[in-house]
Amino acid sequence: MSKNTLRAVSTSTVRISVGEDSVQPEASSTFVSSPYVEQVTQRALAYLVAGYPVHFSGVAGTGKTTLAFHVASKLGRSVTLVHGDDEFGSSDLVGRDDGYRKNKLVDNYIHSVLKTEEEMKSLWVDNRLTTACQNGEILIYDEFNRSRPEANNALLSVLSEGILNLPKLRRSGEGYMAVHPEFRAIFTSNPEEYAGVHKTQDALMDRLITIQLEHYDRDTELLIVMKKSGLPRIDAERIVDIVRELRRFGVNNNRPTIRAGIAIGRILVSQNRRARIDDQFFEMICRDVLATDTAKITRGGQPVMTQKVEEVINKFCGSVKPAKEKVKEEVQ
């Protein structure tokens, strides 16, 4: 196993050791657990142990991918990661013909007779679904509904009958492969109204147990921002309250997500700043990170999100007086 590591970019982090075609999730010191996280984890584990695939569904910023890795780490098996893609076909999951192999045999056993034989064979390369099914790995199919529905047809027999149908080029004997008994699958998806997302076929959804994820509660978001940024609790509280207040504003009440809170916290720490109303830099960061145009509300033809950001900053930070606290203050 390679010593390189990846970081799952989400509300929490799971450390991942990377192999050639799979990853091994491991616990991370920055992973934030809470009663809500553990409840979801226990439910998902119960379904997976019983042999059912799990589907984490929810808006952006609810920690779907990180929860998938967290749950997979509890099972102690290697993970095969696939990201949904509109360009996918079934071959991107199962495998494909990747050229030809040519064998040439020259027989000059008798010096006066030269015998030459040539053989051309298709060269087949398995893709990640086939490898996971064969080795009994955990398949994490991230944002699977970004792939076109027909690209996921190979999953139907895998999840219901435990059989992977194989193309003719790969077949040796039977035209199928029995799925390893330890194979498990975890799916994540964004809502259908998101750009680039396809409607999932009912046949596939009927094979999944779906867990709907919502934004974390305030206490969990606070812990995540503190651990991810290194800010003191008082600063993290102000940022989280600002983000949560703005989330209730406008026509899109799913943004800003917790990622915005983490970003503000990390930028403040990198510049040795604090979340204070008397710090103009803090206010400018909030405008840049939080003044998204996803709230399609205008006043006089102009978006009002920037104005709302200022109002919310004043609401949660307006009474703050200057202090000599250091940014590197240890998080309690």
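Quick one: length gained pulling residue 233 to residue 180 fully straight, 0.36 nm per residue minus the C-alpha distance? Before the final figure, lay out the partial values.
Details: separation 53, 0.36 × 53 = 19.08 nm, distance 4.71 nm.
Residue separation times 0.36 nm, minus the Cα-Cα distance, leaves 14.4 nm.
What FRET efficiency, computed as 1/(1 + (r/R0)^6) with R0 = 35 Å and r the Cβ-Cβ distance, is obtained for residue 75 and residue 245, rounded to the nearest 0.05? So the FRET efficiency works out to roughly 0.35.
Placing pseudo-labels 7 Å out from each Cα toward the beta carbon at residue 287 and residue 30 gives an inter-label distance of 2.9 nm. Label positions at residue 217 and residue 156, each projected 7 Å from the Cα along the C-beta direction, are separated by 4.2 nm. On the basis of the beta-carbon distance and an R0 of 30 Å, residue 314 and residue 210 show a calculated FRET efficiency of 0.15.
Classify segment 49-91 from the C-alpha gyration tensor, please: rounded if a/c falls under 1.5, else prolate or oblate depending on whether a/b exceeds b/c.
Numbers: a/c = 1.87, a/b = 1.25, b/c = 1.49.
It is oblate, given that a/c is not under 1.5 and a/b is not larger than b/c.
Computed from the coordinates by the stated procedures, all read-outs in this text should not be read as laboratory data. A quick note: this is a predicted structure, and the numbers were derived from the prediction, not measured. All Cβ positions, even for glycine, are placed from backbone atoms using ideal geometry, and neighbour counts span all protein chains on display.
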